[in-house]
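Written below as structure tokens is the structure these notes are about.
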Amino acid sequence: MNHILIIMAMEAEAKPIINHLDLNPLGKLDDNLQSLAFSGKINETRITLVINGKDKRFGVDSIGTVPASIATFSAIKRFNPDLVISAGTCGAFKNKGSKIGDVYLSTVFKNHDRRISIPEFDKYGIGNYQSANFEHLIDEIGLKKAVVSSGNSLDMCDTDMDIINENESVVKEMEAAGIAWVAEQFSTPFVALKSVTDLVDGELEAHEEFLINLEKASKALKEKVIAFLELLTKKDIKEKLLV
């Protein structure tokens with residue numbers, strides 16, 4: 001594996017990884033975008049990390065499937081990576097065995113807020129994008145595995161919850177399914193690592209728990225992403241990718 005691309009939504013999530021790997025800034029992906037790229041190496045494998053960037057008007061991290069999709073499209077076109085990784089934080093469920101700081105490896109990506117009640121379009125709305133298969137590394141790194149569900153709201157309505165349960169999703173976040181769609185168009189293998197900041201069925205509101213646990217979850221994410229990259233760059237596992 002010669003080149004791995006990491007896509008991240010929030011600067012606070014990305015900084016620990018950038019600092020640990022001592023990645024060098026490459027500047028903007030495109031003059032019209034706020035997405036920023038950083039580059040370095042692990043075990044002779046090139047690592048490029050892209051942050052969605054700050055919104056032009058609002059000055060906040062560009063979270064959500066649209067900025068993530070555009071950043072991924074631009075980065076794949078520019079860097080032609082062998083693998084794309086979505087690394088970030090997520091919500092999860094206490095009643096499904098999740099704890100704050102758990103880090104999950106993706107198995108499948110689905111949407112929970114694209115409700116299209118027309119035959120075939122309903123399946124398109126859910127997505128059901130396959131993850132590259134690295135389940136053989138779960139025990140070695142200390143990860144959990146999960147169906148990852150994406151939506152563009154931090155909170156959820158009852159219908160979202162129903163769809164998440166129908167999809168057997170354990171993790172909910174705001175970018176991965178959009179990235180998965182782009183990666184599928186390019187036939188580029190894609191996987192996600194997601195660290196839990198908040199429990200949907202916990203006692204606190206999602207936004208409160210997210211802010212309280214962001215630093216802890218980002219630290220856990222950094223540790224698992226680094227361990228994952230170390231293994232990927234030491235072992236020839238291309239033949240084990242399932243896309």
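Every read-out reported here was derived from the displayed coordinates using simple, explicitly stated rules and does not represent laboratory data. These numbers come from a predicted model, not from an experiment. Every residue, glycine among them, receives a Cβ derived from its backbone with ideal geometry; neighbour counts consider all protein chains shown.
If you keep only loop residues by DSSP, which trypsin sites (Lys or Arg not before Pro) in the stretch 1-103 have at most 12 other Cβ atoms within 10 Å of their Cβ? Before the final figure, lay out the partial values.
Numbers: sites: LYS28, LYS41, ARG46, LYS54, LYS56, ARG57, LYS77, ARG78, LYS94, LYS96, LYS99; in loops: LYS56, ARG57, LYS99.
Passing sites in the stretch 1-103 are LYS56, ARG57, LYS99.
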*What's the longest piece of the chain with no exposed GluC sites (Glu not before Pro), counting a site as exposed if DSSP puts it in a loop and it has at most 14 other beta carbons within 10 Å?*
45-119
*Whose amide H sits under 5 Å from the amide H of SER86, counting only residues 5 or more places off or on another chain, with H placed in the peptide plane?*
ILE7, VAL191, ALA192, LEU193
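Expressed in nm to one decimal, what extension gain is obtained for the pair ARG78 and ASN128 from 0.36 nm per residue of sequence separation less their Cα-Cα distance?
Details: separation 50, 0.36 × 50 = 18.00 nm, distance 2.65 nm.
That works out to 15.4 nm of additional length.
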*Work out, step by step, the length gained on full extension between LYS219 and ASN2: first 0.36 nm times the residue separation, then minus their alpha carbon distance; give nm to one decimal.*
75.5 nm
*Volume per residue, Å³, of the convex hull around the alpha-carbon atoms of the stretch 161-225?*
109
*Quick one: what are the phi-derived ³J(HN,Hα) couplings along the stretch 95-102, Karplus 6.51/-1.76/1.60 with θ = phi - 60°, whole Hz, x for glycine and proline?*
6, 10, x, 8, 10, 4, x, 4
*Contour minus Cα-Cα distance for ASN43 and GLU168 (0.36 nm per residue)*: 41.3 nm
*Euclidean distance between Cα centres, the stretch 193-235 to the stretch 73-136, Å*: 15
_Neighbourhood net charge (14 Å Cβ-Cβ; Lys/Arg +1, Asp/Glu -1) for GLY202_ = -4
*Calculated from DSSP H runs of 4 or more alone, at -39500 (n - 2.57) each and per residue, what is the 222 nm mean residue ellipticity of the chain, nearest 500?*
-11000 deg cm²/dmol
